[in-house]
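Below: one structure, written as structure tokens.
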Amino acid sequence: MKFDYQNSLGSKPQPLTQQRWTELTTSELVNRAVWDFQHGDAKAKKRLPAVMWQASFGGKARKNENAEPSGLYMLDLDHLEGNTAQIASTFMKKVNECGIMLIHTTPSGHGLRVVARMMAAQGFSTIGEYQLWLAAQLGFAPEQVDTATHDLARMSFVPPENYVHYLDGRIFTMDPECTIKPQNNIAPSPSVAKPKSTADTATTADTTATASTDGTLQTHYQGIPLTDIAKRLIENIFDTEICEGNRNSSLYKLARVFRYVCDFNPQVMAAAIPHYGLADSEVMEICRNTINTFRRTDMPPELQEVIAELHEEQAEEQDEDEANADEAHKNLSLSLADYQKNLPQLPPLFREFVRTCPPDFKAVQLVSMLPVVGALCTGVRSTYLDGNAQSPSFITVVTAPQASGKSFARNMYNSLTARIQAQDATNRAIEEAYRQELKKAKNAKEQPEDPRPCIRLLPPSVSVAKLLQRLDNAGGRHLLTFAEEIDTLTKSNRSGTWAQKSDIYRNAFDNAEYGQDYMSDASYSTITRVYYNLLVLGTPRAVSRFFNDVEDGLVSRVLFAEIPDQSGKRMPKFGKFTASAEKRVDAIVERLMQMKDCYELDYLNNAIDEWLEQRRLDFLRTQNMALEIFRRRAAVVGFRAGLVAVACYEAAKIVNNENNHTRYIRRVKDFALWVANYALTALLSRFGEKMEEVQRDTAPRKRTVYTDLFSELAATFTSDDLRACVKRAGSRSPIRHIIYRWNQNGMIAKVEGVNGVYKKITNKKDH
């Protein structure tokens, strides 16, 4: 049998031998990781090696498209009550007749994994059918089966040796007949699968699957359920609801497009499309009538679009076990270029825009959208680690040389703010009418009442007084400024107003109060909270001129982005929205603007807290003061990005009439942590050295010596090891002082039960 394994998530798949299996199941790594996982360390599971029993990959990446079926399949039985070893013992009498090769308890300790070989006599053509059949033989109902393991690339984490209840050594040498095709790795409907025969053919239009010429049942196209394709087609090509009066014509139109993924089989078509109350025979007749009509040489573009969308969504919905993004969150060794190349899973709305960008612009598009989308979902809030409420407030500055394609942001800005622009136009007309009436007034009694119109999109050149007035009239909603050239801001901040503007920008990030109080009635006096987002673009020199003081607190509040150097490259080409994508964007934007929700995001706070702890330990090891200063604000930016992601998922859920909250939790965390890392990396890259220069007057010698000593030591070391390092370094610092300082800073911990032995702390759980 040919099947692969991975030493760790993200590593290259390689063939698994019996010797290597024995080494893994008996290794300290596996046993320790399982123990840690069962004792509260959720991430310990990701340290386990994993086997892809169902396929090999020929040295390529672990993806379904690279998978070669092995002839084996897995059955997952999760959340079992009772002793898993005892339950496994009841399977032994079924081993031979069911082709079972392996039974073991899963790392959680509460589930069983059964690996069996396919048998041609059973006549099944999909993994899902085999799984349901085996479950039935072992006495389990269909709903007890984890059907998420139907895809060939699915992993199975390696258990400790004592978790293995049965192993047929032939699993490493046999070459069973494989009865499935890669494209058929699909899950059937949750009913007990039955072996097929020539008699098992569909007889009615409402049958869930129909027999094709080779005896197999087509319910999917390229791994996508036909029902999902039909549903998305309906959403994309019909502007009005399908109901009595237009059912026949609408289904005919749908079938003419849909037939291309059904092999022009009317039974397959009738089984997959909704009937909208029509009789089965009537729907079948509609499908038959489309078969012999004019056919294109290629698939209709609207169908191609749907297939592409669903493929992309499938890729984004990989199981949590397949994600290895956490590893990137643990270290700060990645460059800005690394983060630009490795984006997180994107929330709705972000996904639509980023999808249209060439590779060099995807990350920049993402961070450029944050202040704009933040202004759209201005009504959402959440409580941060420190107990303070956070709003979706962002200041993003994009840096790029001249003629580097910065105009991409204008298209995004106009598209997302179209509704606000229309509202502002109406309110500016009201404001102008009020001014004209004011001019006509002869005295105070005749003056009209100020309508206080809300105008949210402000030009870069705005006075402090006008800005305060706009904030006052907005009633807590975010204002937004888009400046295509940062020099415009620089010019507007001259003539002695920079100090005020700088304060406002800082307060905008903090949502703090700001105001002025003048004696003259002609001057605008108010105190208001500042909800003000900015998206600013500029050349490197212009950005440097604007941010010339790293200590004023504004720098650390800004999310800096950088378009990669385009010198010598071809002109970047941006894609356009399809009609259906434009509809989805518009619907989500509308919903975001209606939101007034306060979310409890404990899972996000926990992720941010852990990220902060990792950055604290990074500081203690490196003594990089810029890192220490910038990390806290970067964490806030990341948290707010997570809040925006939640708003987008919730908006899409309502728009699409979905109800699946837990699905996006991991994606929200990954998105937030990616933004936090990006923000921090950008700050360190641009301002790290300047900030270090400012901080160099604080005992640089001692910090350097201590840092060098710490890095020289092994993960576990003794007092004698440290003493030898101190001697080599020529330091006179007493050993006990160094130990005390490292211990106080959370860098080391004493190994219990052993005198004079210490271990380095790499995360909280090492304590």
If we scan the range 567-582, do we find a residue that is surrounded by 19 or more Cβ atoms within 10 Å (Cβ to Cβ) and either in a helix (DSSP H, G or I) or without any contact (Cβ under 8 Å) to a residue 60 or more places away in the chain (or both)? yes
Going by what's in this entry, would Ala153 be described as hydrophobic (A, V, I, L, M, F, W, C) and outside any loop (DSSP other than H, G, I, E, B)? no
Per the list (1) of a type outside the set (Phe, Trp, Tyr); (2) at pLDDT 90 or above; (3) in contact with a Ser or Thr (Cβ under 7 Å, 6 or more places away or on another chain), residue check on Val558 breaks on (3)
Flagged in the range 111-151 as touching a Ser or Thr at 6+ places or on another chain (Cβ under 7 Å) and of a type in the set (A, V, I, L, M), in numbering order, are Leu112, Met118, Ala120
What about Ser125, is it assigned by TED's automatic domain parsing to the domain that holds Thr26, over 32 Å from the mean Cα position of the chain (by Cα) and part of a loop (DSSP other than H, G, I, E, B)? yes
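Residue-by-condition table, conditions (1) out of contact with any Ser or Thr (no Cβ under 9 Å at 6 or more places or on another chain); (2) at negative phi; (3) at pLDDT 90 or above; (4) surrounded by fewer than 16 Cβ atoms within 10 Å (Cβ to Cβ):
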position	(1), (2), (3), (4)
Glu316	yes, yes, no, yes
Glu320	yes, yes, no, yes
Asp326	yes, yes, no, no
Gln340	yes, yes, no, no
Pro347	yes, yes, yes, no
Val364	yes, yes, yes, no
Gly374	no, yes, yes, no
Could we say that Leu75 is surrounded by 20 or more Cβ atoms within 10 Å (Cβ to Cβ) and closer than 18 Å to Leu152 by Cα here? yes
Considering residues of the range 752-767 that are within 27 Å of Glu628 (Cα to Cα) and either at pLDDT 80 or above or charged (D, E, K, R) (or both) only, the residue surrounded by the most Cβ atoms within 10 Å (Cβ to Cβ): Tyr758
Take the residues in the range 431-475 that are of a type in the set (Lys, Arg) and assigned to a loop (DSSP other than H, G, I, E, B), then tell me which one is nearest to Arg506 (Cα to Cα). Arg456
Lys362 vs (1) in a helix (DSSP H, G or I); (2) under 18 Å from Gly475 (Cα atoms): all pass except (2)
Can Asn66 be described as farther than 23 Å from Ser11 by Cβ and out of contact with any Leu (no Cβ under 8 Å at 6 or more places or on another chain)? no
Which pairs have Cβ atoms under 7 Å, sit 6 or more apart or on different chains, and link a residue in the range 97-109 that is under 11 Å from Ile171 (Cβ atoms) to one that is modelled with pLDDT under 90? Gly99/Met119
With (1) modelled with pLDDT of 90 or more; (2) within 18 Å of Pro300 (Cα to Cα); (3) buried (at least 16 other Cβ atoms within 10 Å of the Cβ) as the list, and Ala272 as the residue in question, which single condition is left unmet? (2)
What number of residues within the range 119-133 are under 19 Å from Ser70 (Cβ atoms) and touching a helix residue (DSSP H, G or I) at 6+ places or on another chain (Cβ under 6 Å)? 5
Restricted to the range 633-664, and to residues that are surrounded by fewer than 16 Cβ atoms within 10 Å (Cβ to Cβ) and assigned to a helix (DSSP H, G or I), which residue is modelled with the lowest pLDDT? Thr662
Odd one out for Lys690 among (1) at pLDDT 85 or above; (2) assigned to a loop (DSSP other than H, G, I, E, B); (3) not aliphatic (A, V, I, L, M): (2)
Taking the range 402-417 as the region of interest, how many residues are out of contact with any Asp or Glu (no Cβ under 8 Å at 6 or more places or on another chain), assigned to a helix (DSSP H, G or I) and of a type outside the set (S, T, N, Q)? 4
If you scan the range 381-399, which residues turn out to be within 21 Å of Leu489 (Cβ to Cβ) and touching an Asp or Glu at 6+ places or on another chain (Cβ under 7 Å)? Thr399
The range 510-523 residues that are outside any loop (DSSP other than H, G, I, E, B), paired with ones that are at pLDDT below 85 and among the β-branched types (Val, Ile, Thr) (beta carbon under 6 Å, 6 or more apart): Gly515/Thr526
What are the residue pairs meeting all of these: first residue in the range 271-285, first residue within 18 Å of Lys231 (Cα to Cα), second residue surrounded by 16 or more Cβ atoms within 10 Å (Cβ to Cβ) and of a type in the set (Phe, Trp, Tyr), Cβ atoms under 7 Å, and 6 or more apart or on different chains? Ile273/Phe258
Could you tell me whether the range 586-601 includes any residue that is farther than 23 Å from Val675 by Cβ, in a loop (DSSP other than H, G, I, E, B) and of a type outside the set (Gly, Ala, Ser)? yes
Within the range 439-449, can you find the residues that are under 20 Å from Gln469 (Cβ atoms) and either polar (S, T, N, Q) or surrounded by 11 or more Cβ atoms within 10 Å (Cβ to Cβ) (or both)? Ala441, Gln447, Pro448
For Arg154, work out the one condition from (1) within 21 Å of Tyr221 (Cβ to Cβ); (2) in contact with a His (Cβ under 6 Å, 6 or more places away or on another chain); (3) at pLDDT 85 or above; (4) not aromatic (Phe, Trp, Tyr) it doesn't fulfil. (2)
Taking the range 51-84 and keeping only residues that are within 30 Å of Gly139 (Cα to Cα), among the small types (Gly, Ala, Ser) and in a loop (DSSP other than H, G, I, E, B), one is left with Ser70, Gly71, Gly82
Quick check: anything in the range 626-649 without any contact (Cβ under 8 Å) to a residue 24 or more places away in the chain, over 24 Å from Val398 (Cα atoms) and out of contact with any strand residue (DSSP E or B) (no Cβ under 9 Å at 6 or more places or on another chain)? no
For the list (1) among the hydroxyl-bearing types (Ser, Thr, Tyr); (2) at pLDDT below 50; (3) assigned by TED's automatic domain parsing to the domain that holds Ala141, I need the number of the one condition that Ser191 fails. (3)
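The values are calculated or read from the model by the stated rules, or taken from the named source; none is laboratory data. Please read these numbers as outputs of a predicted model, since none were measured by experiment. Cβ sites come from the backbone with ideal geometry, for glycine too, and all protein chains shown count toward neighbours.
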